[in-house]
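J.: Provided herewith is a single structure, encoded as structure tokens, for subsequent inquiry.
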Amino acid sequence: MNKTILIGRLANDPELRFTASGKAVATFRIAVDRPFKKDEADFFNIVVWGNSAEACANYTKKGRLVAVDGRLQSRTYENKEGQKRYVTEVVANQVEFLEWGDKDNQQSNNNVDNNADIDINEFTAMDDSDLDESIPF
């Protein structure tokens, strides 16, 4: 089983890119507070694909609180100097926006962003095609 659930604040604005075939991919880092440790956090790299990637890039920014449901993935690559690098990241299946609006003017997640004309009740961050209806729960 490979399942990861994290709640944390974006450490940077999501970076949106597109593959050669046109599929959207967003990357960002989140800071997750360590329990019982004041002023300590762990930072995790997050990768989001498809419509969820575009939503993250358009409706979140540094400092916003999000919940990420996904899986851990490890990979290797060679950098420009030919050195082998190892990366562990969370590939998100779902990203929930837990804060909307200006961080200084805290709004509940049932409201809309002041800078966008989107009703979050019409918004789904996960592609329905990703759901496996054979799972009974």
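Each reported figure results from applying straightforward, stated rules to the coordinates on display, with no laboratory input. Nothing here was measured: the structure is a model prediction, and the numbers come from that model. Quick reminder, even Gly has a Cβ in these numbers, built from the backbone with ideal geometry, and neighbours come from all protein chains shown.
J.: If amide hydrogens are placed 1.01 Å from N in the peptide plane, which non-local residues have theirs closer than 5 Å to the one on Glu99?
T.: Amide H neighbours of Glu99, under 5 Å, 5+ apart: Leu65.
J.: Work out, step by step, the length gained on full extension between Asp33 and Gln83: first 0.36 nm times the residue separation, then minus their alpha carbon distance; give nm to one decimal. Mind dumping the intermediate values first?
T.: Details: separation 50, 0.36 × 50 = 18.00 nm, distance 3.20 nm.
Length gained, Asp33 through Gln83: 14.8 nm.
J.: Counting only the backbone N, which residues of the stretch 84-99 are under 18 Å from the spot 7 Å out from the Cα of Thr4 toward its beta-carbon?
T.: Of the residues in the stretch 84-99, 85-97 have backbone N under 18 Å from the label point off Thr4.
J.: Starting from the Cα of Lys62, draw a straight line to each of the lysines and keep only those under 19 Å, dropping any in the same chain fewer than 8 residues away.
T.: Once the sequence-local lysines are set aside, what remains near Lys62 is Lys103.
J.: In terms of Cα to Cα distance under 26 Å, which lysines are near enough to Lys80, apart from those fewer than 8 places away along the same chain?
T.: Partners found: Lys23.
J.: Can you list the residues, at least 5 places off or on another chain, whose amide H is less than 5 Å from the amide H of Asp13, using H built in the peptide plane?
T.: Lys62
J.: Once both labels are modelled 7 Å past Cα along the beta-carbon direction, what's the Thr76-Thr19 spacing in nm?
T.: So the two model labels end up 2.3 nm from each other.
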